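Structure, as structure tokens:
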Protein chains: 2
Amino acid sequence: VLLFPADFKDNLNKVYEAIEESDFLAIDGEFSGISDGPSVSALTNGFDTPEERYQKLKKHSMDFLLFQFGLCTFKYDHTEEKYVMKSFNFYIFPKPFNRSSPDVKFVCQSSSIDFLANQGFDFNKVFRNGIPYLNQEEERQLREQYDEKRSQANGAGSLSYISPSATKCPVTVPEDQKKFIEKVVEQIEDLLKNEENESLELEPCTGFQRKLIYQTLSWKYPKGIHVETLESDKKERYIVISKVNEEERKRREQQKQAKEQEELNDAVGFSRVVHAIANSGKLVIGHNMLLDVMHTIHQFYCPLPDDLSEFKEVTSCVFPR
Amino acid sequence: VLLFPADFKDNLNKVYEAIEESDFLAIDGEFSGISDGPSVSALTNGFDTPEERYQKLKKHSMDFLLFQFGLCTFKYDHTEEKYVMKSFNFYIFPKPFNRSSPDVKFVCQSSSIDFLANQGFDFNKVFRNGIPYLNQEEERQLREQYDEKRSQANGAGSLSYISPSATKCPVTVPEDQKKFIEKVVEQIEDLLKNEENESLELEPCTGFQRKLIYQTLSWKYPKGIHVETLESDKKERYIVISKVNEEERKRREQQKQAKEQEELNDAVGFSRVVHAIANSGKLVIGHNMLLDVMHTIHQFYCPLPDDLSEFKEVTSCVFPR
């Protein structure tokens, strides 16, 4: 089963289900490289202490990207007396979510890329259709951004995306914009008087003009209208104003919250699968697995701790068994 | 015109010809990222002095890979009174050439990769079929490696790949390998006595055994036989021994040299196109071109010099106009 972003959402419940019903799990990762310092064979040799191995990999392997994650779930079928296996293959890529989201830089090692290319690895699936992810701190920050926007919007009555204080006094409109704003206010007066029209689309205008409109309307009409910015096919932004009663306003607010929650889930992306593995408490096995575990924690949970004992603690939270 | 390694060799003369006959050239590069430090807009602003701009890009942009190089040649057709344009598009990837060649690490920036993905960029063409390259120092080193191998081979008569000193005294064969080596020598005595057989394939054996065979034969039979290692379909290495006279030996040596020269050319790869552009002395134009020029020199010529004035000197050698 190959999973891309669109597929991913549709199939996530199947993945959750497979994890839940399984007796144990196996994982394997593919990386964009192994070592940015010593050669791979020099990086890990049989004489390393566990602490040395951890420190070396932390120093020389963590700037690479885990860009394919394989998951197999195993469930014993008692009547058939055999294991039933389900396998999932996730391509992973930190596609920037919005302008303020982290713009991840990762290293590629030519020999690793060449090895994967020779195995028929499809790089387009990673870079075009990879599933995004956030670690816990990034998820927390994004959640805060949404909460902040929402509380601002509530403070400003039906208006969104402006700071509450801006609504408490008349807006200072620059001389050259006064005519423009007056015309907008006239249009809205017409809208409110006219019982037939429910909404009004303004002409596309500049970001500064939109800000003035938001501020003016928030001050002049704290209730009774809903203002939002949409984008035309030509990528021009324009404002739509609609009359709303209190009930309608609440419905819209809820709709918006649901949409935001979905956006947030999309951004957390593949990390949700890792959370599900962690929460399941199922036994996770793998071959030569230290690097896989380190990358999994580093990418989907938190920066790696300084020493091995702390790493073990974190790991026992993520993979309890 | 899209050019991959196989295509590349076949079409290189067309590229050379287009450069030679042109009145001027235009180039454009695509990179795996722009800035590993400040945001791209902060990296380059209109108030930079040329020296500042150079230092910033050198510090924050050079770990990315120039992985697509576009070349357009323009030639004025006086009878038709218009320009005739030829365009070439090269995908570039530092595929490791052999075990001792550099294993290049390069950085990718998610936002740049995402931008290219949205433009339909084909990453598989880069990573599976990209044309390799060497800078001047790497080319020099590889050339030296070949020269060294050749002079060693000459010193050891018809035998290749062993150090000359090893042939001057009888080889110390470990006790447990003596029987094996004796048997090989018997087989060769048979070969030399028998006038019908021209060559002899030995059974696949270990690298250590092959070394013992090379050393023993080089000492016992300094002339009259040719020894080489081949690889079977099963990737097992085995030794082939053939009788040669002096003429045959020279022919083989020349064949080998020609093959080595071709391997070397393949390894220098795309750098040959850049050399051709440089040697042509043609005017090279481009849009917002500093980063393209810096990457071109950095990847295909030499590490970037410390300051702008030296960079200008190097650039005037690579792009004389």
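The values are calculated or read from the model by the stated rules, or taken from the named source; none is laboratory data. Not measured: the values here are computed from a predicted model. Glycine also receives a Cβ, built like all others from the backbone with ideal geometry; neighbour counts cover every protein chain displayed. All accessible areas refer to the heavy atoms of the entire protein, side chains included, with ligands and DNA or RNA removed. Shrake-Rupley method; radii C 1.70, N 1.55, O 1.52, S 1.80 Å.
Does A:Glu144 meet the test of being modelled with pLDDT of 80 or more, open to solvent by 80 Å² or more (accessible area, probe 1.4 Å) and more than 32 Å from the chain's Cα centre (by Cα)? No: the conditions fail for A:Glu144. Count of region A:229-256 residues, restricted to those that are in contact with a Phe, Trp or Tyr (Cβ under 9 Å, 6 or more places away or on another chain) and open to solvent by 40 Å² or more (accessible area, probe 1.4 Å), is 3.
Considering only region A:264-301, state which residues are surrounded by fewer than 19 Cβ atoms within 10 Å (Cβ to Cβ) and among the β-branched types (Val, Ile, Thr). Matches in region A:264-301: A:Ile285, A:Val293. Screening B:Gln261 against (1) buried (at least 16 other Cβ atoms within 10 Å of the Cβ); (2) free of Cβ contacts under 8 Å to residues at least 12 places away in the same chain leaves a single unmet condition, (1). Kindly establish whether B:Glu80 is more than 13 Å from chain A (Cβ to nearest Cβ) and assigned to a loop (DSSP other than H, G, I, E, B). Criteria met by B:Glu80. Of all the listed residues (A:Lys86, A:Lys56, A:Lys75), the sole one being surrounded by 12 or more Cβ atoms within 10 Å (Cβ to Cβ), in a helix (DSSP H, G or I) and either away from chain B (no Cβ under 14 Å) or among the basic types (Lys, Arg) (or both) is A:Lys56. Filter region B:120-145 for residues that are in a loop (DSSP other than H, G, I, E, B) and not charged (D, E, K, R); which is farthest from the other protein chains (Cβ to nearest Cβ)? Restricting to residues being in a loop (DSSP other than H, G, I, E, B) and not charged (D, E, K, R), the top hit is B:Asn135. Report yes if B:Lys95 is in a loop (DSSP other than H, G, I, E, B) and touching a residue at least 12 places away in the same chain (Cβ under 8 Å), otherwise no. Spelling it out, B:Lys95 is indeed in a loop (DSSP other than H, G, I, E, B) and touching a residue at least 12 places away in the same chain (Cβ under 8 Å).
Selection within region B:89-119: residues that are away from chain A (no Cβ under 11 Å) and hydrophobic (A, V, I, L, M, F, W, C). The member of this set that is farthest from the chain's Cα centre (by Cα) is B:Phe90. When the test is whether a residue is surrounded by 15 or more Cβ atoms within 10 Å (Cβ to Cβ), at pLDDT below 90 and either closer than 18 Å to A:Leu283 by Cβ or out of contact with any Gly (no Cβ under 8 Å at 6 or more places or on another chain) (or both), A:Asp36 passes it.
With respect to A:Ala26, is the statement that it is of a type in the set (A, V, I, L, M, F, W, C), surrounded by 17 or more Cβ atoms within 10 Å (Cβ to Cβ), assigned by TED's automatic domain parsing to the domain that holds A:Ala278 and not in a helix (DSSP H, G or I) true? When the stated conditions are applied, A:Ala26 passes them. Of note, A:Lys312 does not satisfy the criterion of being at pLDDT 90 or above and surrounded by 19 or more Cβ atoms within 10 Å (Cβ to Cβ).
Report yes if some residue within region A:26-38 is without any contact (Cβ under 8 Å) to a residue 24 or more places away in the chain, within 14 Å of chain B (Cβ to nearest Cβ) and not polar (S, T, N, Q); otherwise report no. Looking through region A:26-38, at least one residue is without any contact (Cβ under 8 Å) to a residue 24 or more places away in the chain, within 14 Å of chain B (Cβ to nearest Cβ) and not polar (S, T, N, Q). Being surrounded by 18 or more Cβ atoms within 10 Å (Cβ to Cβ) and of a type in the set (Gly, Ala, Ser) is the requirement here; does B:Ser100 meet it? For B:Ser100, the condition - surrounded by 18 or more Cβ atoms within 10 Å (Cβ to Cβ) and of a type in the set (Gly, Ala, Ser) - is not met.
Would you call A:Lys168 over 25 Å from the mean Cα position of the chain (by Cα), at pLDDT below 80 and more than 13 Å from chain B (Cβ to nearest Cβ)? When the stated conditions are applied, A:Lys168 passes them. As a summary of the residue check, B:Asp48 satisfies the conditions (1) free of Cβ contacts under 8 Å to residues at least 40 places away in the same chain; (2) surrounded by fewer than 19 Cβ atoms within 10 Å (Cβ to Cβ); (3) in a loop (DSSP other than H, G, I, E, B); (4) touching an Asp or Glu at 6+ places or on another chain (Cβ under 7 Å) except for the one numbered (4).
Within the bounds of region B:120-141, is there any residue that is over 24 Å from the mean Cα position of the chain (by Cα) and within 23 Å of A:Asp103 (Cα to Cα)?
Within region B:120-141, one or more residues are over 24 Å from the mean Cα position of the chain (by Cα) and within 23 Å of A:Asp103 (Cα to Cα).
Screening A:Ser61 against (1) touching a Phe, Trp or Tyr at 6+ places or on another chain (Cβ under 8 Å); (2) of a type in the set (S, T, N, Q); (3) free of Cβ contacts under 8 Å to residues at least 12 places away in the same chain leaves a single unmet condition, (3).
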